[in-house]
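**Student:** What follows is a structure written as structure tokens; I'll ask about it next.
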Amino acid sequence: MSSELKAGAGAGAIAKLFIANRGEIAVRINRAARELGLAVVQAVSAADRDSLAARLADEVVEIGPASAAKSYLNAAAIVAAATASGADAIHPGYGFLAENAAFADAVEAAGLIFVGPKGDTIRAMGDKATARAMAQAAGVPTVPGSAGRVEGPDEAARVAAEIGYPVMIKAAAGGGGRGIRVARTSEELAAQIPLASAEARAAFGDGGLYLERFVARARHVEVQVLGDGTDAIHIFERECSLQRRRQKVWEEAPAATLPQTVRSDLCASAVRLAKSVGYRGAGTLEYLYDDDSGEFFFIEMNTRIQVEHPVSEMISGIDLVREMIRIAGGAPLGRTQDAVVARGHAIEVRINAEDPEADFRPAPGAIGTLTVPGGMGVRFDSLLYPGYVVPPFYDSLLGKLIVWDETREGAIARLQRALGELAIEGPCTTIALHKALAADPAVRAGAVHTRWLEGWLEERARSKRDAA
């Protein structure tokens, strides 16, 4: 596909963008780039030659075999391919190398623009203990815990005694909900520390740990920020409490039933931290909110675009991916905080190629007929088209169904209608799961927390076993 707009019309120093990712986020980046008048080069593995992202791009470059380790995680191959293509910039999307500081450094060392924050920012905020210290320095509340990494079991025991049990043992270099364990007693802590360190080393190449107080009925609330390296604004908050194994399933903006004073303080704290680190691009600050005490605590920053960014776009009217590219091309933020206005309510549900009735076993395969819902306030960001074969090598996300309405009640009704229209023939999907969630009284009331969904799933499984 050829670009129809003047190249580089709205992205400053960027006229040609190299997309170093796949799936729905690659499609999403392509669309934003095309609206800015950019030529698009799509990186693909051998398994993604016929992907929708490849079909939409001006140029396609194969960077390696199906294995992500030899393609989408091969930093040297990506930088070499981008340079050879004549691209000005690389957008990493989310996942893969998006939060890899060494990759960001390598991109800039090659004379290319990294669409995201500087490598030093990624490095600092990617280390959970360092990010926690930086948050405290910016006056952002953090969960009571260790001042930094704990050096061995004796220090861990001392810190745990100070903050009180139960405590969370977390990988300092962790992400995506991995590398987290809970200890309820000193004996459990002593047993868990070496296991957690080994797990962190295996997953992230870094066995460093830190401790936090465990908030049993926490809600996961995050704030979307946008910065240009000097100034920063927030695009309000999102509720992401419906999670399974610490992986988000359903997201919405704004956060349901959050007191207005908490909302204001939460968003203001996120902007303070983003400004203090000179943040550039789109990023997300994640918090735990304790419904019982009314307190919120910063837990980490994601230095990239998030899977759930569309709900923030829907309530604000701001195209976050397009803004990322503009800022990377040298443009200033271009808007003040008072110009960002939230309107209505948006919900996003993740449609995965998984079988919820078989412990969410991945279910790749060929797509037959595809019916995409439409109508006012409905958006479907996906990698699908009829006849596409979903490969078994990557994340199971097929797409994201996003709806908007003036009220949360209206958004849920619209979601139910859109889920009823959405039909994907072929692999098992999570559509039925979301239909059930949208009908659940606790979800409809916003009375959920980060452990609620796992309990709900266990209860459903128990009821089915009893009925069999």
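**Student:** Check whether at least one residue in segment 81-94 is surrounded by fewer than 18 Cβ atoms within 10 Å (Cβ to Cβ), polar (S, T, N, Q) and in contact with a helix residue (DSSP H, G or I) (Cβ under 8 Å, 6 or more places away or on another chain), and report yes or no.
**Tutor:** no
**Student:** So Glu151 fits all but one of (1) surrounded by fewer than 15 Cβ atoms within 10 Å (Cβ to Cβ); (2) not in a loop (DSSP other than H, G, I, E, B); what number is the exception?
**Tutor:** (2)
**Student:** So which residues in segment 28-46 are surrounded by fewer than 19 Cβ atoms within 10 Å (Cβ to Cβ) and under 24 Å from the mean Cα position of the chain (by Cα)?
**Tutor:** If the condition is that a residue be surrounded by fewer than 19 Cβ atoms within 10 Å (Cβ to Cβ) and under 24 Å from the mean Cα position of the chain (by Cα), then Arg31, Glu35 are the ones that fit.
**Student:** If the requirement is being surrounded by 14 or more Cβ atoms within 10 Å (Cβ to Cβ) and within 20 Å of the chain's Cα centre (by Cα), which of these qualifies: Ile367, Ile351?
**Tutor:** It is Ile351.
For every residue, the table says whether it meets (1) among the hydrophobic types (A, V, I, L, M, F, W, C); (2) within 27 Å of Gly317 (Cα to Cα); (3) not assigned by TED's automatic domain parsing to the domain that holds Cys267.
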| residue | (1), (2), (3) |
| --- | --- |
| Thr371 | no, yes, no |
| Gly374 | no, yes, no |
| Pro392 | no, no, no |
| Glu406 | no, yes, no |
| Leu415 | yes, yes, no |
| Cys428 | yes, no, no |
| Ala432 | yes, no, no |
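**Student:** Would you list the strands (runs of 3 or more DSSP E) that sit entirely within segment 199-277 and hold 3 or more residues that are buried (at least 20 other Cβ atoms within 10 Å of the Cβ) and either modelled with pLDDT under 95 or aromatic (Phe, Trp, Tyr) (or both)?
**Tutor:** Correct list: 209-213.
**Student:** Let me ask you something else. Looking at segment 420-436 only, could you name the residues that are surrounded by 23 or more Cβ atoms within 10 Å (Cβ to Cβ) and among the hydrophobic types (A, V, I, L, M, F, W, C)?
**Tutor:** Within segment 420-436, just Leu433 meets the criteria.
**Student:** Tell me, please, whether a residue that is at pLDDT 95 or above, out of contact with any helix residue (DSSP H, G or I) (no Cβ under 7 Å at 6 or more places or on another chain), farther than 30 Å from Leu419 by Cα and not acidic (Asp, Glu) can be found in segment 302-322.
**Tutor:** Taking every residue of segment 302-322 in turn, none turns out to be at pLDDT 95 or above, out of contact with any helix residue (DSSP H, G or I) (no Cβ under 7 Å at 6 or more places or on another chain), farther than 30 Å from Leu419 by Cα and not acidic (Asp, Glu).
**Student:** Could you tell me which residue of segment 64-80 is surrounded by the fewest Cβ atoms within 10 Å (Cβ to Cβ), considering only residues that are under 18 Å from Phe114 (Cα atoms) and of a type in the set (A, V, I, L, M)?
**Tutor:** Ala76
**Student:** Go through the residues of segment 457-465 one by one and say whether even a single one is touching a strand residue (DSSP E or B) at 6+ places or on another chain (Cβ under 6 Å), at pLDDT 95 or above and either in the same structural domain as Val341 (by TED's automatic domain parsing) or closer than 30 Å to Phe96 by Cβ (or both).
**Tutor:** No; the residues of segment 457-465 include none that is touching a strand residue (DSSP E or B) at 6+ places or on another chain (Cβ under 6 Å), at pLDDT 95 or above and either in the same structural domain as Val341 (by TED's automatic domain parsing) or closer than 30 Å to Phe96 by Cβ (or both).
**Student:** Here is a follow-up. Of the numbered conditions (1) in the same structural domain as Val27 (by TED's automatic domain parsing); (2) buried (at least 18 other Cβ atoms within 10 Å of the Cβ), Ala110 satisfies every one except a single condition; which is it?
**Tutor:** Tallying (1) in the same structural domain as Val27 (by TED's automatic domain parsing); (2) buried (at least 18 other Cβ atoms within 10 Å of the Cβ), Ala110 fails exactly one: (2).
**Student:** Next question. Please go through segment 135-154 and pick out each residue that is out of contact with any strand residue (DSSP E or B) (no Cβ under 9 Å at 6 or more places or on another chain) and without any contact (Cβ under 8 Å) to a residue 60 or more places away in the chain.
**Tutor:** Correct list: Glu151, Gly152, Pro153, Asp154.
**Student:** Right, next: Given (1) surrounded by fewer than 23 Cβ atoms within 10 Å (Cβ to Cβ); (2) in contact (Cβ under 8 Å) with a residue 40 or more places away in the chain, where does Arg132 come up short, assuming only one miss?
**Tutor:** Arg132 satisfies every listed condition except (1).
**Student:** Continuing with the same structure: Please go through (1) out of contact with any Lys or Arg (no Cβ under 8 Å at 6 or more places or on another chain); (2) in a loop (DSSP other than H, G, I, E, B); (3) under 28 Å from Asp290 (Cβ atoms); (4) not aliphatic (A, V, I, L, M) for Gly374 and return the number of the only condition it doesn't satisfy.
**Tutor:** So Gly374 meets the others, but not (3).
**Student:** Give me the residue from segment 186-198 that is among the small types (Gly, Ala, Ser) and surrounded by fewer than 17 Cβ atoms within 10 Å (Cβ to Cβ) and, out of that set, nearest to Arg158 (Cα to Cα).
**Tutor:** Ser186
**Student:** Say whether the condition of being at pLDDT 90 or above and surrounded by fewer than 21 Cβ atoms within 10 Å (Cβ to Cβ) is met by at least one residue in segment 171-181.
**Tutor:** yes
**Student:** So Ala102 fits all but one of (1) part of a helix (DSSP H, G or I); (2) of a type in the set (A, V, I, L, M); (3) crowded, with 17+ Cβ neighbours inside 10 Å; (4) within 21 Å of the chain's Cα centre (by Cα); what number is the exception?
**Tutor:** (3)
**Student:** Can you give me the number of residues within segment 421-440 that are among the small types (Gly, Ala, Ser) and under 17 Å from Arg361 (Cα atoms)?
**Tutor:** 2
**Student:** Just give me the residues in segment 388-426 being in contact with a strand residue (DSSP E or B) (Cβ under 7 Å, 6 or more places away or on another chain) and of a type in the set (Gly, Ala, Ser), in sequence order.
**Tutor:** Matches in segment 388-426: Ser396, Gly399, Ala411, Ala418, Ala423, Gly426.
**Student:** Output the residues belonging to segment 218-241 that are among the hydrophobic types (A, V, I, L, M, F, W, C) and over 22 Å from Glu406 (Cα atoms).
**Tutor:** Those that are among the hydrophobic types (A, V, I, L, M, F, W, C) and over 22 Å from Glu406 (Cα atoms): Ala218, Val225, Leu226, Ala232, Ile233.
The values are calculated or read from the model by the stated rules, or taken from the named source; none is laboratory data. What you are looking at is a predicted structure, and each value in this text was computed from that prediction instead of being measured. Because the Cβ atoms are built from the backbone with ideal geometry, glycine has one as well, and the counts that use them run over all protein chains shown.
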